[in-house]
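Inspection log for the structure reproduced underneath, given as structure tokens.
Just so it is clear, none of the values below were taken in a lab; they were calculated from the coordinates. What you are looking at is a predicted structure, and each value in this text was computed from that prediction instead of being measured. No Cβ is skipped: glycine too gets one built from the backbone with ideal geometry, and neighbour counts run over all protein chains shown.
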Amino acid sequence: MCLAIGVAFGQAARAQSRITDSIQGAEHTAVKGSTPDRLISMSQDIGRLSSSQNLGRMVLLLAPTPAQDQAAADLIASQHDSSSPLFHKWLTPTEFGQQFGIADTDSSQVSAWLQSQGLNVHHISQSRRFIVFSGNVAQVENAFSTQMHSYSYKNKTFISNSSDIQLPAALRNVVKGVVRLHSNPSSPAILSGTKVHFKKAGGQFTFDDSSHGIAPADFAKIYNVQPLYNAGINGMGQTIAIVGRSNITIQDIRDFRNLLGLPANDPQVIINGDDPGITTDVDEATLDVTWSGAVAPMAKIDFVISQSNFADGVDVSAEYIVDNNLAPVMSTSYGSCETDLGPVENAFYNSLWQQAAAQGITSFVSAGDNGGAGCDAPAGGVYSSGVLAVNGIASTPYNVAVGGTQFNDTASPNKYWSATNDPTTGESALSYIPETAWNESSNDPNDVLLYAGSGGVSSLYAKPTWQTGVGVPNDGARDLPDISLTASLHDGYLVCLNGNCGYGDYFFTFGGTSASSPAAAGIMALVNQKMGGQPQGMANYVFYGLAKVPGIFHDTSKGNNKVPDPNGQYTIGYDATSGYDLATGLGSMDVNALVNHWKSAASSGAGTGLTLALGPGQKAAVVHGKSISFQATVACAATGTCVAPTGAVALSAASSTAATIAVGSGELMPQIGSSEANILTSAVPGGNYNVSARYSGDGKYGPSTSNSVPVTVSAEKSQTFVGSVGGGTFATGPISVGYGLSWPVGIIVAGNSGYGFPSGSMTMTADGVPITNGGVYNYATGVFAPSTMTLNYGEKTITKAGLPTSQSSTISYVLPTQALGVGSHQLVASYPGDPSFGASQGSYSYTVSQAQGLIEDFFPVGDTVVNTPIQLIAQIGFTSGGFAPYGGVITVSDITSGKAVVLGKGKVDSTLYGGYWTTNVTITTPGTRTLRLDYTGDSNVKGTSSTYYVPFTATDSSYVNFSTDITSSFGGQPVTLTASIGSSVPLHVATGTVTFYNGTTVIGSAKLPKSGTVVLVTRKLAAGNNSLTASYSGDAILTSSVSSPIPMAVADFILQVLPTSIKLKEGSSESVTLNLIPQGGFTSPIQLACSNLPEDVTCKFSKSTVTLGGINPATVSLTFKAATSAEVIHKAVSVIITGTSVVGTTPKQSTLDLTLKK
């Protein structure tokens, strides 16, 4: 291969040295855009880093000349052109470096300069495009003339250069810059889900909602991979490399493969530099390793991990894979928008994926999980910035960008998923599931999410030559994504994580394009194996070619990837449309068809021409089910003799009112200079169609599409059958059903030809009245659900012997009899027809018989006491277990004495689901009474009688419901006491007296009114703690009772004067002490005053207002003073001292005897 490359490139010369000046010179040049300005502008600068802090491994990007870059692009185009002598002549990393890297002498000088700055050089890439180095803050700042700072953004810290780096001017032509000098890494494109319970015995999964989990066997069923496995195409001999920055637990991979039926096949973990250990990226790492190997179960998985001290471990791991030519297929599930990557890191990935393509490596990259808002965090909790952007790691012309779809299965999940899992593989998917664009975003202000499959238009790269086809925008730019696979969390990928499959009982589910990218890598490994183990390189050259072949891609034309804009409106993104679109790209793949068509698409071959015509004597108008003959001819486009093309021709029918469908195929038979296929098909549906043929090529001869041939297909007659279904067996003979029962009715609609399936909804009548309250019954699960009577298209839920075909459509319908009385009835099922099948009717006769009544429920309400009304309740049921409305009368009699004494009677009041009968009775004698209930029945229900033994007591207990309007009070405040009497005799109205107590002291009493509630308002509560109760005297039916006590704290104070008498001389003064003592936690200001003083005597308080604190007493001094002219009083005068609370309690007074003498 080396000789061939050398000759083909005309003895390509090694790169010439471009460093012409001294690197140690003083002149420097700035690398514009090397600072993450957008991120720093939104962050807070915490300060400069310590000079000794180690920054870990970093990558210096070297710069080839523009001519080298163009030559590499031209080479890659030739390597993917089957007509070129360089087709699939892949380069080694060394060969790539010799032709498209910088000169060896230049890379050596750059390495020497790094070391002269004290930095450690770990290796120079073989491609001569990268140098991996490390160092501390002081060394980096000195080498690149910048400062390293710490920043905070959304409660997370990161480090970054604070200004654009500078390089010696002598290196400006050979160095682009440092790939990144900040520690805000690229984001994993992963959507974490919930735990899925797993029962190891029987291998069943349990979900808490309507979602499903995808096991490897489900993926194989949905995307049609199983035929490849059956043919031995399982990844054997192939290698897939996964980019990572966290280690994993190998046992998780082992558990996953063991529990889900995959062969043992441990991944190889390659630690590039220091082991990062298990980091927060372990979910992403485990998902990628698990699912690349799940799709290609025998492929070798090389998982490369690098530590993210400073440089992103993703960058370093990806560089290691490519520069060591580790695998022909690789997957990267990380991303950052083109703006945030900056010019140097964007150039890094463009250069790296270009090298990968030249080496034959197919590089898959997750398109992202944020819809059209490529720069915004999908789980950031805020609306998007409103800026359309794409993932810069995925937007180069040299990688495959993998987007996301979601299954459109929520309307009819049972059509696509089994209720049980295969016990060995966990499989529950039944078939391919139609897809829409993945969008699980939310504009709920309390839960803003931007999760959706990413896509859009690159701001950096021009439209690649291979990006053509229906729907590809004419925008002159690289569009994303290229392909898509399911990425929705609603049907997430199952993963074993953190040992939970081993010691626990659950899996985890994950979504996001982080899952679809490694799954696509697994598919590519199958392609490589099918192609003899030969690498296929940049797969988009073939993907876009295969998109023109019907049946390869599932065209996703529904939904969008629009996420909320700054106003919360869903505008940031794109709609899915027919053909290519910016939401899902080309769509997902039928993997079997993709792999088996790869060779013909990769090798375009000589041109061909395809013509299609009706077969000899074939008319263009037929009745559905009649065969139509077509003749397809594939001829060589070139003049001269050629060997007849081989392979098959596929027919498709297109209509203006329906989707294009495949209607048949035929093998080519060689003729002279051409090949013919005679195709007989009955698969063209009813309607007007244009039928065309497509030849896929055979490796030697290229594909071609024929002209269109119009045909008209009219509807054939249909047959409708109605019958009963027991255990899945269909019977049309009449049956008798008890009133109130439901039974399964089956409907089968079939044509006469045996081709196609009737579609649409049925209508059913019973005795000419439409039935609206039936439903579908699932025999496997025992679940009944209301039905719209839609036919199960092509599903044989029931079968009938003697039909001309097994291609029928059916309904298993549960028919209720509640609306139909006793007697003979007739069901009529009507099929309105569709474009392929005419209308038809089927009828079925049955008889409804009288149900046997049953008094299934009888009870008195409350306790049963004599001499007061007691309510009795009864309900009628059917011995058959059915339910339906019923009428009639129930009579209750006391037969204790042997003679029936009628106590009450009344009509039964019933609804569809039954009803209750009730009456009130009064018994006068205590003891157990024998009561008999007699039900008369009606025309639909036979009558019945039942006897019950009910004990009656003379009296019953009572209880007092007692409450107060407040729970604490102050002295003199009114308190409202409320008491009501309750019992277990609900119809008895209590009489008697209620007495209220404070401790043992009666506060008041009252007779019970008819309302049963007594209310008393009192102001008599003493200061301090009180205990209130209400006592009921009882009556003839109810015994006495006492309520539970209610504590009531009454706040107040005591005013105390010491001493209580004084003698005062003329012209002198005397003082006494006032003690203010709080009661009941009293806290309030108290105003003091004195009155009734003798003439010429004054009083003065040390504090005229005192605030009590609720516990401790307060002390105030009161001084009396007599004037020198005061008149002598020989008799003591009672001076009044008053304390008044501002909260309105009763004022407190104390007296002091005052005598005035000389």
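Within straight-line reach of K905, meaning a Cα separation under 25 Å, sit the following lysines at least 8 residues removed in sequence or on another chain: K942.
Computed from point charges on the beta carbon alone (+1 for Lys and Arg, -1 for Asp and Glu), the dipole magnitude for the stretch 188-596 about its Cα centre is near 1080 Debye.
Scoring 386-392, 132-138 by mean Cβ neighbours within 10 Å over their residues and listing the highest first yields 386-392, 132-138. Exceedance of the 28 Å cut-off in Cα-Cα distance is limited, within the set K89/K221; K32/K463; K221/K530, to K89/K221.
What is the log10 of I(q)/I(0) for the stretch 1004-1103, computed with the Debye formula using one identical point scatterer on each Cα and no solvent, at q = 0.12, 0.19 Å⁻¹? Treating every Cα as an identical point scatterer, log10 I(q)/I(0) equals -0.66, -1.05. Got the relative contact order for the chain handy, in percent, Cα pairs under 8 Å and 6 or more residues apart? Here the relative contact order equals 6 percent.
Counted residue by residue at 0.36 nm each, then reduced by the alpha carbon distance between them, the extension gain from A169 to T94 reaches 24.2 nm. Inter-label distance, S655 to I1054: 10.3 nm, where each label sits 7 Å from its Cα along the C-beta direction. Only beta bridges with both residues in the stretch 1051-1157 are counted; by DSSP, about 90 percent of them are antiparallel. Contact order for the stretch 118-168, expressed relative to its length and based on alpha carbon pairs under 8 Å spaced 6+ residues apart, stands at 25 percent. Farthest toward the positive end of the dipole of the chain, out of A750, H122, I271, is the Cα of A750, where the dipole comes from beta carbon charges about the Cα centre. Of I735, G853, Y997, which is farthest towards the positive pole of the chain's charge dipole, taken about the Cα centre with +1 and -1 on the beta-carbons of Lys, Arg and Asp, Glu respectively? Positive-most Cα among the choices belongs to Y997.
Calculate, in nm to one decimal, what I873 and I672 gain on full extension: separation in residues at 0.36 nm each, minus their alpha carbon distance.
Values: separation 201, 0.36 × 201 = 72.36 nm, distance 9.41 nm.
Here the answer is 63.0 nm.
Straight Cα distances below 26 angstrom link K1131 to the lysines K1063, K1065, K1100, K1121, K1148, K1157, K1158, with same-chain residues fewer than 8 positions distant left out. Rg/Rh, computed from the Cα trace of the stretch 1051-1157 with Rh as the Kirkwood radius, has the value 1.03. Computed over the alpha-carbon pairs of the stretch 188-596, the distance histogram in 10 Å steps reads 5, 25, 36, 26, 7, 0 percent, short to long. Computed per residue of the chain from DSSP H runs no shorter than four, each worth -39500 (n - 2.57), the mean residue ellipticity at 222 nm is -4000 deg cm²/dmol.
Once you sort the root eigenvalues of the Cα gyration tensor of the chain as a ≥ b ≥ c, which label holds: rounded (a/c under 1.5), prolate (a/b larger than b/c) or oblate (the other case)? Show your work: numbers first, answer last.
On the way: a/c = 3.78, a/b = 1.38, b/c = 2.75.
Oblate shape, in that a/c is at least 1.5 and b/c is the bigger or equal ratio.
Hydrodynamic radius of the stretch 423-553 by the Kirkwood approach over all distinct alpha-carbon pairs: 18.0 Å. Dipole check for the stretch 2-184: with +1 at the C-beta of Lys and Arg, -1 at the C-beta of Asp and Glu, and the Cα centre as origin, the magnitude is about 420 Debye.
Shape descriptor for the stretch 873-1017: Rg over Rh equals 1.20 (Cα atoms; Rh from the Kirkwood inverse mean 1/r). Each Cα pair under 8 Å and six or more residues apart adds its separation to the average, and for the stretch 1051-1157 the resulting relative contact order is 36 percent. Estimated from the Cβ-Cβ distance and a Förster radius of 30 angstrom, the FRET efficiency linking T1124 and T1146 is about 0.15. Stretching K1131 away from N961 to a fully extended chain increases their span by 55.3 nm, per 0.36 nm per residue minus the current alpha-carbon distance.
Roughly how big is the chain's charge dipole about its Cα centre, with Cβ charges of +1 (Lys, Arg) and -1 (Asp, Glu), in debye to the nearest 20? Each step should come with its number before you reach the end.
Numbers: 56 positive and 75 negative charges, 460 e Å.
In debye, rounded to 20, the chain gives about 2200.
Let me know the shape class of the stretch 2-184, please: from the alpha-carbon gyration tensor, a ≥ b ≥ c as square roots of the eigenvalues, rounded when a/c is under 1.5, otherwise prolate if a/b is greater than b/c, or oblate. Present the calculation step by step, with values, prior to reporting the outcome.
Working: a/c = 2.68, a/b = 1.88, b/c = 1.42.
Prolate, since a/c reaches 1.5 and a/b exceeds b/c.
Per residue, the convex hull spanned by the Cα atoms of the stretch 907-991 measures out at 183 cubic angstrom. Over all distinct Cα-Cα pairs of the stretch 499-546, the Kirkwood formula returns a hydrodynamic radius of 13.4 Å. Of all aspartates and glutamates in the structure, those lying under 14 Å Cα to Cα from K300, and not within fewer than 8 positions of it along the same chain, are D266, D288.
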